[in-house]
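Step one of this worksheet: look at the structure below.
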C-alpha cells in the first residue's frame, strides 16, 4: 500500500518510537508521581524528560507549561471551554477544523459567544483587510488561528497577522504545522499552542500538547479534575503547573513514544523533513497540473503550503476517486470534508469535498509519482 | 548534616535536581519523610553546606520548605 493519508496520522512510525512505547510497557512498573518506588521514579523521570524535550523543541522556556493531553482536540477544548465566558467575542478563520468550530458553536449556544469567522480567499489565506476591519470594530478575547490547513496545506502568513491588541489572546492550532514547519513560542507572540503528537511528531495516537504562556493559567478552568499525585491531602485541584491541567494516570507509553518522535525529527533535521515532504508534493503536482479534468485546490505558490494537496476530478465524486485509488492502485488517501466544513466552504468544495493526498517523510519520490499516474489514469478512464 | 527540600510536585523536584546537578551538587532523590508530610511525594536531600546554592535557585524552582535532619527530628529552616 502507498500511504498518503499522513495528515490524518503519520505512518509508519519510526522504529525508535515503537521501541520506546514497547519499552515503557515492558520495563516501567509504576505511574509517574504516584509513589517513591524505583519504577514510579523511573516513570516520573521519563515523563519529566519528555516534557523538557517538547519544551525545548518549541522554544518554551519553562517545561511546566507543557500540558500533555489526548490530542490537539483536547488541547483546543481546554482553552476554549476553560476561558470563554458569556458574551465573549471570538475570532476564528474560515479554514478552521471542527476541533475549533464545533467547540465554538457549542459554546455559542451555551454561553452566547459572538463568533466571527474571518473570511479567507479561495487558496485558504486569511483576507488581511477583512481581519483588520473586524479588529478595528472590536478586538476579540481570543483569536483561534488554524496555522496550516488540514485540507489544502495553506500556511497562514503568521507575521502579517499578529498585529493584535493586548487584550486579545492568540490560540494557534498547530496540528498540521508541528513537525513540518519550525515553531518557536519563545520568539512568537503565541499565547496558547495546541498540537497533536501522532501527526508530524511521529508519536502514537492519544498524545497531544497544550503550551500556555506564563500567567494565563489562573483564569483557565481545567477541563478535568482529579488525582495528580501531588497535594493528596487536599480536595482542591492544585494551582501549579502542569498538575492544574493534568490528572489521572498519564499516558506514559504514548508520551515516551512522542518524545522518541521528537528525537527522531532532531536526528533527521526538521528542515530536511520539510524539504523532502515538499519535494513529494511538488513531484505529484507537476505531473497532474496540466490535466484539464483535474482541479487542484490550495495555494498556487506552493512555498506557502505544506505537503497536503486537495484535488477533484471533473465528473467524479471524491469518494469514488478514493475508492478507485484504494482498490485499483492500493493508494490510501482521504476523501470528503476532512472534519473541516468551513474550509471546504471557503475553497468552494462544500458539500462534496475533495480528495486529499498528504505526504510524509517516509514516502518515497516514486510513491508520489505513482500516485500522480494513478490519478491521471482515473481521470482518463472515468 | 543533611537537609531536605520540599517542592510542590515531582516535576519541580526533578527540575531542581537537574539544575543542582548542573551546578555540581549531588542531590539525592528521597521520599518525603512521613514526619514532614503524609503525602507520597519525593524530595531532594542535600548537604547543609549546599544551602546557599539551593537558596540561589531560580524563583520558580525555589523549594516550598527546607528542613534540617537532626538527631531529634526535622527542623524547619525555610518556609515559602
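The values are calculated or read from the model by the stated rules, or taken from the named source; none is laboratory data. Here the structure is a predicted model, which means the values were calculated and not measured. Every residue, glycine as well, gets a Cβ built from its backbone with ideal geometry; the counts of neighbours run over all protein chains shown.
Listed values, structure above:
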{"quantity": "Leading residue by the ranking (surrounded by the most Cβ atoms within 10 Å (Cβ to Cβ)) among those in the range B:6-29 that are farther than 14 Å from residue B:60 by Cα and more than 8 Å from chain A (Cβ to nearest Cβ)", "calculated": "B:27"}
{"quantity": "Residue match in the range A:109-127 (condition: assigned to a helix (DSSP H, G or I), surrounded by fewer than 22 Cβ atoms within 10 Å (Cβ to Cβ) and under 20 Å from the mean Cα position of the chain (by Cα))", "calculated": "no"}
{"quantity": "Qualifying residue in the range A:267-286 (condition: modelled with pLDDT of 95 or more and within 14 Å of chain B (Cβ to nearest Cβ))", "calculated": "no"}
{"quantity": "Number of positions in the range A:1-21 that are out of contact with any helix residue (DSSP H, G or I) (no Cβ under 8 Å at 6 or more places or on another chain) and assigned to a helix (DSSP H, G or I)", "calculated": "1"}
{"quantity": "The range A:29-56 residues that are more than 10 Å from every other protein chain (Cβ to nearest Cβ), paired with ones that are part of a helix (DSSP H, G or I) and surrounded by fewer than 20 Cβ atoms within 10 Å (Cβ to Cβ) (beta carbon under 6 Å, 6 or more apart)", "calculated": "A:29/A:39; A:30/A:39"}
{"quantity": "Candidates A:258, A:270 - the one that is touching a residue at least 24 places away in the same chain (Cβ under 8 Å) and buried (at least 22 other Cβ atoms within 10 Å of the Cβ)", "calculated": "A:258"}
{"quantity": "Unmet requirement for residue B:14, which otherwise passes all of (1) in contact with a strand residue (DSSP E or B) (Cβ under 6 Å, 6 or more places away or on another chain); (2) without any contact (Cβ under 8 Å) to a residue 60 or more places away in the chain; (3) not in a loop (DSSP other than H, G, I, E, B)", "calculated": "(1)"}
{"quantity": "Among residues of the range B:17-61, those that are in a loop (DSSP other than H, G, I, E, B) and either under 22 Å from residue A:49 (Cβ atoms) or touching a strand residue (DSSP E or B) at 6+ places or on another chain (Cβ under 8 Å) (or both), counted", "calculated": "14"}
{"quantity": "Qualifying residue in the range A:58-65 (condition: surrounded by fewer than 21 Cβ atoms within 10 Å (Cβ to Cβ), on the phi < 0 side of the Ramachandran plot and more than 14 Å from chain B (Cβ to nearest Cβ))", "calculated": "no"}
{"quantity": "Top-ranked residue in the range A:348-363 [being in a loop (DSSP other than H, G, I, E, B) and out of contact with any helix residue (DSSP H, G or I) (no Cβ under 8 Å at 6 or more places or on another chain); ranked as surrounded by the most Cβ atoms within 10 Å (Cβ to Cβ)]", "calculated": "A:349"}
{"quantity": "Residue A:321 vs. criteria assigned to a helix (DSSP H, G or I) and either at pLDDT 95 or above or buried (at least 18 other Cβ atoms within 10 Å of the Cβ) (or both)", "calculated": "yes"}
{"quantity": "Test: residue in the range A:184-201 that is within 14 Å of chain B (Cβ to nearest Cβ) and closer than 24 Å to residue A:135 by Cβ", "calculated": "no"}
{"quantity": "Residue A:240 closer than 26 Å to residue A:151 by Cα and either surrounded by 15 or more Cβ atoms within 10 Å (Cβ to Cβ) or within 14 Å of another protein chain (Cβ to nearest Cβ) (or both)", "calculated": "no"}
{"quantity": "The listed residue being more than 30 Å from residue A:143 (Cβ to Cβ) and surrounded by fewer than 22 Cβ atoms within 10 Å (Cβ to Cβ), out of A:44, A:70, A:23", "calculated": "A:23"}
{"quantity": "Residue check for residue A:145: free of Cβ contacts under 8 Å to residues at least 60 places away in the same chain and more than 17 Å from residue A:191 (Cα to Cα)", "calculated": "no"}
{"quantity": "Members of the range A:323-363 that are more than 30 Å from residue A:102 (Cβ to Cβ) and without any contact (Cβ under 8 Å) to a residue 60 or more places away in the chain", "calculated": "A:324, A:327, A:328"}
{"quantity": "Flag for residue A:216 being in contact with a strand residue (DSSP E or B) (Cβ under 8 Å, 6 or more places away or on another chain), touching a residue at least 12 places away in the same chain (Cβ under 8 Å) and not assigned by TED's automatic domain parsing to the domain that holds residue A:338", "calculated": "yes"}
